[in-house]
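Asker: Structure below; questions to follow.
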Amino acid sequence: MQFAEIGELTCQDLDDANQEARGQELDQAGMTAEQKEGFALTTAVWKPDGGPGAYLKATSLNREDCVKEEFRDGYSDKVSSKTKPACMGGGNYNPHRKNDSETKLLDPLMRPPMAMNGTVTMKIYHVSGGVADELPCGSCRRTICGAEACGIKIELCNNKNEKVKGSDLCSNGKPKDTTDKGWRAKGFGPKPS
Ligand SMILES: [Zn+2]
């Protein structure tokens, strides 16, 4: 994983970067129709307390298969551990969801030697059955709220590219609302048409 040092990025910047990553960096020719209709790609900036920002990217797709070779190092690697970081409370990850983009991106930030502080601002692009939205799945919501419990402040960019704070979505390290409806009400549903 390489960190590109950058300054402040807005949700619009992260949205633009996300579109560019999907358009230019994914190996569309190598992806199956099923992969194209169901994946997620998250672009983010991590701003440690007192440090420069770092640009991060992750995709639920296997980067070895679906990201063009020259861009692969810019994407988070698979989560190798079966268990959640200790500061999240430990326990086993759902093995089918631990390599979702949001969890791939956040997991290494919550383990030594990374500093467990700062703010991560994330733009999630999630497509399911060909319908795109910004909605994290239930397992990734627990990772996102777990990051808050680890001392990382989370900001999620919604479908209007407004920042929604983790503190509005999570309580005591757990999602306040476990329903899609609750999250859609905060702007994580499909873009308003
Ligand atoms: Zn997920």
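Rule-based calculations on the coordinates, nothing more; no lab input. Since we're looking at a predicted model, the values are computed, not measured. Here Cβ is always computed from backbone atoms with ideal geometry, including for glycine, and neighbour counts include all displayed protein chains.
Asker: Could you tell me which numbered condition Glu148 fails, if it satisfies all but one of (1) more than 16 Å from the ligand (Cβ to nearest atom); (2) within 18 Å of Asp15 (Cβ to Cβ); (3) buried (at least 20 other Cβ atoms within 10 Å of the Cβ)?
Answerer: (2)
Asker: Filter the range 51-74 for residues that are free of Cβ contacts under 8 Å to residues at least 60 places away in the same chain, crowded, with 18+ Cβ neighbours inside 10 Å and not polar (S, T, N, Q) and give the result. Explain how you work it out, then say what you get.
Answerer: The first filter runs over the range 51-74 and keeps only residues free of Cβ contacts under 8 Å to residues at least 60 places away in the same chain, leaving 52-55, 57-72.
Next cut, crowded, with 18+ Cβ neighbours inside 10 Å only: 53-55, 57-61, 63, 66-67.
Gly53, Ala54, Tyr55, Lys57, Ala58, Leu61, Arg63, Cys66, Val67, listed by residue number.
Asker: Output the residues belonging to the range 169-185 that are within 17 Å of the chain's Cα centre (by Cα), closer than 20 Å to Thr119 by Cα and of a type outside the set (A, V, I, L, M).
Answerer: Selection gives Cys170, Gly173, Lys174, Pro175.
Asker: Identify all residues within the range 98-120 that are in contact (Cβ under 8 Å) with a residue 40 or more places away in the chain and out of contact with any Lys or Arg (no Cβ under 9 Å at 6 or more places or on another chain); write none if there are none. Even if it seems obvious, please write down each step before you answer.
Answerer: As a first pass, look at the range 98-120 and keep what is in contact (Cβ under 8 Å) with a residue 40 or more places away in the chain: 98, 100-106, 108-110, 115, 117-120.
Matches in the range 98-120: Asp100, Leu106, Pro108, Leu109, Ala115.
Asker: So for the range 48-59 (the condition being part of a strand (DSSP E or B), of a type in the set (A, V, I, L, M, F, W, C) and closer than 17 Å to Ile144 by Cβ), does at least one residue qualify? Steps first, please.
Answerer: Just the residues of the range 48-59 that are part of a strand (DSSP E or B), to begin with: 53-59.
Restricting the remaining residues to those that are of a type in the set (A, V, I, L, M, F, W, C) gives 54, 56, 58.
Now narrow it down to the ones that are closer than 17 Å to Ile144 by Cβ: 56, 58.
Checked against the condition, which is being part of a strand (DSSP E or B), of a type in the set (A, V, I, L, M, F, W, C) and closer than 17 Å to Ile144 by Cβ, the range 48-59 yields at least one hit.
Asker: How many residues are of a type in the set (A, V, I, L, M) and under 17 Å from Thr59 (Cβ atoms) when one looks only at the range 110-155?
Answerer: If we filter the range 110-155 for residues that are of a type in the set (A, V, I, L, M), which is where we start, we get 110, 114-116, 120, 122, 124, 127, 131-132, 135, 144, 147, 149, 152, 154.
Filter again for under 17 Å from Thr59 (Cβ atoms), leaving 120, 122, 124, 127, 132, 135, 144.
Result for the range 110-155: 7.
Asker: Across the range 51-71, what is the total count of residues that are more than 16 Å from the ligand (Cβ to nearest atom) and in contact with an Asp or Glu (Cβ under 7 Å, 6 or more places away or on another chain)?
Answerer: Residues flagged as more than 16 Å from the ligand (Cβ to nearest atom) and in contact with an Asp or Glu (Cβ under 7 Å, 6 or more places away or on another chain) within the range 51-71 amount to 7.
Asker: So is Thr143 buried (at least 17 other Cβ atoms within 10 Å of the Cβ), under 15 Å from Thr43 (Cα atoms), of a type outside the set (A, V, I, L, M, F, W, C) and under 13 Å from the mean Cα position of the chain (by Cα) or not?
Answerer: Numbers: buried (at least 17 other Cβ atoms within 10 Å of the Cβ): yes; under 15 Å from Thr43 (Cα atoms): no; of a type outside the set (A, V, I, L, M, F, W, C): yes; under 13 Å from the mean Cα position of the chain (by Cα): yes.
So Thr143 fails the test.
Asker: Please indicate, with yes or no, whether at least one residue in the range 8-30 is part of a strand (DSSP E or B) and buried (at least 20 other Cβ atoms within 10 Å of the Cβ).
Answerer: Quick first cut of the range 8-30, residues part of a strand (DSSP E or B) only: 26.
With the extra rule that they be buried (at least 20 other Cβ atoms within 10 Å of the Cβ), the set shrinks to 26.
The answer is yes, given that some residue of the range 8-30 is part of a strand (DSSP E or B) and buried (at least 20 other Cβ atoms within 10 Å of the Cβ).
Asker: While we're looking at this one, here's another question. Please verify whether the range 115-134 includes one or more residues that are away from the ligand (no atom under 16 Å from the Cβ) and within 19 Å of Ala40 (Cβ to Cβ). Let's see the steps before the verdict.
Answerer: Quick first cut of the range 115-134, residues away from the ligand (no atom under 16 Å from the Cβ) only: 115-119, 121, 130.
This time we only want the ones that are within 19 Å of Ala40 (Cβ to Cβ), so: 121, 130.
Yes, some residue in the range 115-134 is away from the ligand (no atom under 16 Å from the Cβ) and within 19 Å of Ala40 (Cβ to Cβ).
Asker: Can you pull out the residues in the range 74-95 that are in contact with a Ser or Thr (Cβ under 8 Å, 6 or more places away or on another chain), over 21 Å from Trp46 (Cβ atoms) and within 16 Å of the ligand (Cβ to nearest atom)?
Answerer: The answer is Asn92, Asn94.
Asker: Ala86 - would you say it is surrounded by fewer than 17 Cβ atoms within 10 Å (Cβ to Cβ) and in contact with a His (Cβ under 8 Å, 6 or more places away or on another chain)?
Answerer: Numbers: surrounded by fewer than 17 Cβ atoms within 10 Å (Cβ to Cβ): yes; in contact with a His (Cβ under 8 Å, 6 or more places away or on another chain): no.
When the stated conditions are applied, Ala86 does not pass them.
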